[in-house]
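Here the structure comes first, spelled out in structure tokens, and everything after it is commentary.
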Amino acid sequence: MRILITGGAGFIGSALVRRLIEHTNHEVLVFDKLTYAGVLSSLEPVASSNRYTFVQADICDAEAVSAALREFRPQVVAHLAAESHVDRSIDGPAAFIHTNLVGTFVMLNQVLEYWRTLRDDAKAAFRFHHISTDEVFGTLGEEGLFTETTPYDPRSPYSASKAGSDHLVRAWGHTYGLPVLVTNCSNNYGPYHFPEKLIPLIIIRALNGEPLPIYGDGTNVRDWLYVDDHARALQTVFEKGQPGETYNVGGDSERTNIEVVKAICGILDQLRPRADGLGYAEQITFVTDRPGHDQRYAIDASKIAADLGWTPSVSFEQGIAQTVRWYLENQSWWQDILNARYATQRLGVARA
Ligand code: NAD
């Protein structure tokens, strides 16, 4: 198949591209603006493949989207391009509204025009797959899980913009008959994760001998999924999913933030012990909480398991050990980002 992937130079998009080039015969066109979060070196492992092409362009640019569709003639559009960091959405929500809402609208409109030009069999086989987050569902107490029918209750500018984009996608499915798929996934982690996110931030700051900031009391719970398992879930959904359906994707690995940070410290203590003989957990420090910090997210991923046969293959303990090892072995990947784009400073402290 020919698959157009927006946001393919990002964390999850690049994992999907590497998977498709390395493990399938699909052809891939990456359509990515290369914002601060787009990292071309994450695609280096597949850059020499003749089944891989890259276009630098903005999903808000209707003409660029239309040209890519006309020239590449995809059978699947996997839409991952987004502003993705909650803390940045607190400091500067405008980019989130623009890219996540307006950009998704532009994608839908252009894809619909292109789809209408296809022959009936190609029309029926086409898929627009929108990649979204569990954050659209709001926050949970100590009990319960998000299912595909949980009402939306987004609370950050990021999650509100993703919720709106999910509604747009479903509206284009219902109103125009576009064959759409939506997946809502829990927190991802793994190699090539931009250093602003909790897990790479902690690994890098630990290695640099800096304080390890924990928001609030560290009891916020997230369900962690290894990124390669997410990439496999995405491939499963656009190959086998039922148009019009939503699938929740999760790792069945709930951990508090403090548990995550302590796990990283423990692995670093083994692999790269501190010169002074103390543990990395000595560097943990509690800082003012994120405004509006949701307490708990947890996913019920039984539908994708029952209907499409996907389950996570990597446990949190395996995945976090692999991830720490990757950051130790690939320092030049993240050092380049630290030098040029983001130096691990705190983001997302709202003004009173
Ligand atoms: P990321 O921030 O690492 O990557 C986003 C990519 O989109 C970058 O390559 C960036 O250059 C590109 N992009 C941004 N604005 C663009 C625009 N206007 N036009 C074209 N390209 C643009 O994000 P990620 O963590 O890989 O997340 C990918 C998708 O998955 C997002 O839609 C996100 O909401 C969703 N998601 C993420 C997680 C997670 O844990 N990271 C969990 C669930 C869902």
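Observations
- Residue match in the stretch 247-259 (condition: away from the ligand (no atom under 16 Å from the Cβ), crowded, with 22+ Cβ neighbours inside 10 Å and over 29 Å from ALA125 (Cβ atoms)): no
- Filter result for ASP252 (acidic (Asp, Glu), in a loop (DSSP other than H, G, I, E, B) and touching a Pro at 6+ places or on another chain (Cβ under 7 Å)): yes
- Contacts under 6 angstrom Cβ, first residue in the stretch 329-341 being within 19 Å of ARG88 (Cα to Cα) and among the aliphatic types (A, V, I, L, M), partner assigned to a loop (DSSP other than H, G, I, E, B) and modelled with pLDDT of 95 or more, 6 or more apart: ILE337/PRO195
- Within the stretch 89-107, being surrounded by fewer than 23 Cβ atoms within 10 Å (Cβ to Cβ), within 22 Å of GLY173 (Cα to Cα) and aliphatic (A, V, I, L, M) holds for ILE97, LEU101, VAL102, VAL106.
- Answer from ASN257, ASN248, ASN188, ASN184 - the residue that is polar (S, T, N, Q) and touching a Leu at 6+ places or on another chain (Cβ under 6 Å): ASN188
- Restricting the stretch 261-286 to residues that are in a helix (DSSP H, G or I) and touching a strand residue (DSSP E or B) at 6+ places or on another chain (Cβ under 7 Å) leaves a set whose member that is surrounded by the most Cβ atoms within 10 Å (Cβ to Cβ) is VAL261.
- Scanning the stretch 165-188 for residues that are among the polar types (S, T, N, Q) and under 23 Å from the mean Cα position of the chain (by Cα) turns up SER165, THR183, ASN184, SER186, ASN187, ASN188.
- Complete set of residues in the stretch 316-352 that are closer than 30 Å to GLY241 by Cβ and surrounded by 14 or more Cβ atoms within 10 Å (Cβ to Cβ): PHE316, GLY319, ILE320, GLN322, THR323, TRP326
- When each of VAL55, VAL30, VAL17 is tested for being more than 10 Å from the ligand (Cβ to nearest atom) and either in contact (Cβ under 8 Å) with a residue 24 or more places away in the chain or in a loop (DSSP other than H, G, I, E, B) (or both), the lone residue that passes is VAL17.
The values are calculated or read from the model by the stated rules, or taken from the named source; none is laboratory data. Since the model is a prediction, treat every value here as computed from it, not as a measurement. Counting neighbours? That spans all protein chains shown, and the Cβs are built from the backbone with ideal geometry, glycine included.
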